[in-house]
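Read-outs: derived from the displayed coordinates by stated rules, not from any lab. What you see is a predicted model; the values in this text were computed from it and never measured. Here Cβ is always computed from backbone atoms with ideal geometry, including for glycine, and neighbour counts include all displayed protein chains.
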Ligand SMILES: [Zn+2]
């Protein structure tokens, strides 16, 4: 088992000199793709724009961009191009995880190559200590291998303090200053966290929008409906969501005010008494305001179903986490609590996500890696699987991890689909992802911005 996973997670830069694709230096792999074209020939291109797939396609990559995509009869392979024979394979856009914590301890980050090995070519880091800005920069210049990063910097939250990678603000003024500091440091979006009070959240969102940045909100002390009405762009998690739909919302609010974990549990169990009509009010507001939703099904599913010691050992063996992450996971695995109500609540969570989708809502993939059992990359595939399992069509689950996630982050002109002019972010897979979403895990090669990685 271990051996197989290691094979999967160890992707090597393709560096054959004859191909001339990349020439990694000994210490740094900062090599730019050579100008010589790369042609991927014979695969089926999966179209996430809802038109139609292209069987027996030719994709031409020049530098970091896609130059042309089309049927073999229409797209000419340039002379001297390096050719990847991909007959029988499928091409999907590089995947995007909109909820990660890559450098949350500031130093002991999980090797970013793990994302690439799973076909994740872009991530949004939704809360890490300030070294995350440097991690983003080092990947961007090719000093480190990893997915393209957008970052929020440390999360903005209120009292009580829950995580080292969050900053506590107590007034709207402090919230605005926290946003400004992140803008100055190079943040791409602003992450608001569970303990942020309503007035402070509204100020943070307003300030972010004034500075031209979008917001992603993990709600709690301010519930999801309040955050949506305040104008947040992305809602993440299934906590905070049922809070306004229960008979006594203030009781849950006070749980969030007392402690992070207590708030998480109270809010998770609130699904058991949430009024569907009130939840529909939230859905309508989200849809009409074009709020993207990342339910992070994977972590909620984990909490309900995977807390037994065997599951913990399995997750740890499969993903080989660094010591600090392992310590966190062990801590949670050792806290025994009755999972039965969480399993019941899970059904209501699934129904909500399906109702949101059916009402025209836009789902995106976000996983909360490296929170409990969320291994970089693997968790994104799990998130798409869980979307499909609750009744979202397979193509829509794939869109959630590609073009819809790109739209949520405002990078849809650069990535998210396999189209001429976009960055060459492509995953070559061995089987049809539309026949079975689990096939996205059968990765042959990963291409990020024209650089090819393959299994070693
Ligand atoms: Zn998170």
Worksheet item: What angle do you read, to the nearest 10 degrees and between 0 and 90, between the alpha-carbon axis of helix 323-334 and the longest principal axis of the chain?
Response: 50
Worksheet, complete the sentence: Relative contact order as a percentage, the chain, C-alpha pairs under 8 Å and 6+ apart, gives 19
Worksheet item: Based on the inverse mean of 1/r over its pairs of different Cα atoms, what is the Kirkwood hydrodynamic radius of segment 101-192, in Å?
Response: 13.5
Item to complete: Could you check the simple spin-label distance between residue 337 and residue 436, using points 7 Å along Cα→Cβ, in nm with one decimal?
Response: 3.6
Item to complete: Please give the contour-minus-distance gain from residue 85 to residue 344: 0.36 nm per residue of separation, less the Cα-Cα distance, rounded to one decimal in nm.
Response: 88.5 nm
Item to complete: Sort 78-89, 391-402 for me by packing, meaning the mean count of neighbouring Cβ atoms within 10 Å per residue, highest on top.
Response: 391-402, 78-89
Worksheet entry | Column: log10 I(q)/I(0), Debye, Cα scatterers of the chain, q = 0.09, 0.11, 0.14 Å⁻¹ | -0.56, -0.83, -1.33
Worksheet item: How far, in degrees from 0 to 90, does helix 249-258 lean away from the longest principal axis of the Cα atoms of the chain, to the nearest 10?
Response: 80
Discussion item. Within a 10 angstrom radius of the beta carbon, how do 264, 271 rank from fewest other beta carbons to most?
Written reply: 264, 271
Worksheet entry | residue 36-residue 261 pseudo-label distance in nm [points 7 Å out on the Cα-to-Cβ vector] | 5.6
Discussion item. Full-extension gain between residue 51 and residue 330, please, as 0.36 nm times their residue separation minus the C-alpha to C-alpha distance.
Written reply: 95.9 nm
Worksheet item: Tell me, how many Å apart are the Cα centres for segment 392-413 and for segment 217-282?
Response: 25
Worksheet item: Per-residue ellipticity at 222 nm for the chain, helices alone: DSSP H runs ≥ 4 residues times -39500 (n - 2.57), over residue total, nearest 500 deg cm²/dmol?
Response: -11000 deg cm²/dmol
Worksheet item: Using the per-residue mean of other Cβ atoms lying within 10 Å as a proxy for protection, in what order, highest first, do the peptides 49-62, 184-197, 239-252, 367-380 fall?
Response: 367-380, 184-197, 239-252, 49-62
Worksheet item: With the radius of gyration and the Kirkwood radius both derived from the Cα set of segment 48-163, what is their ratio Rg to Rh?
Response: 1.11
Discussion item. If I model a spin label as a point 7 Å beyond the Cα along the Cα-Cβ vector, how far apart are those points for residue 272 and residue 73 in nm?
Written reply: 6.2
Response to the item:
Relative contact order in percent for segment 80-199 (Cα pairs under 8 Å, 6+ apart) equals 22
Worksheet item: Roughly how large, in nm² to one decimal, is the mean projection of the convex hull of the alpha-carbon atoms in segment 417-456?
Response: 3.1
Practice prompt. Note the angle between two axes, namely the Cα long axis of helix 340-358 and the longest principal axis of the Cα atoms of the chain, as a number of degrees from 0 to 90, rounded to the nearest 10.
Written response: 60
Response to the item:
Taking only C-alpha positions in segment 195-309, Rg and Dmax in angstrom work out to 14.0, 48
